[in-house]
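A quick write-up on the structure given underneath.
What follows is calculated from the coordinates using simple rules that are stated; it is not laboratory data. No experiment lies behind these values; they were computed from the predicted model shown. Cβ atoms come from the backbone with ideal geometry, glycine included; neighbour counts cover every protein chain shown.
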Amino acid sequence: MTGSAALDRLLRTDPRDSGCGQAMELLDVYADLLAADRDAAQRYPEVAIHLAACGPCAQDLAGLLAAIGGDAQERWNDSEVAT
Ligand SMILES: [Zn+2]
């Protein structure tokens, strides 16, 4: 673990928040899970928490979902309202 990752961890509001770095790493997988109608938030709760707290990351996910198409983006919007 690097120093900046440790600092990042300290600065998080929610201790389960994955932070931008991990969220970005998992964003493709997360979007695919949403698109495949799997429970992405249950599989990667730390990413779900981060996406609820981080506008830029949530926007990136929305862009990925828009690119994937289908109703994945709608599902994401629903889950966003729920959190
Ligand atoms: Zn972020």
* Please sort by residue number the trypsin sites (Lys or Arg not before Pro) in region 26-83 whose DSSP state is loop and whose Cβ has at most 12 other Cβ atoms within 10 Å. => 38
* For region 29-35, Karplus couplings with θ = phi - 60° (6.51, -1.76, 1.60), whole Hz, Gly/Pro x -> 4, 4, 5, 4, 4, 4, 5
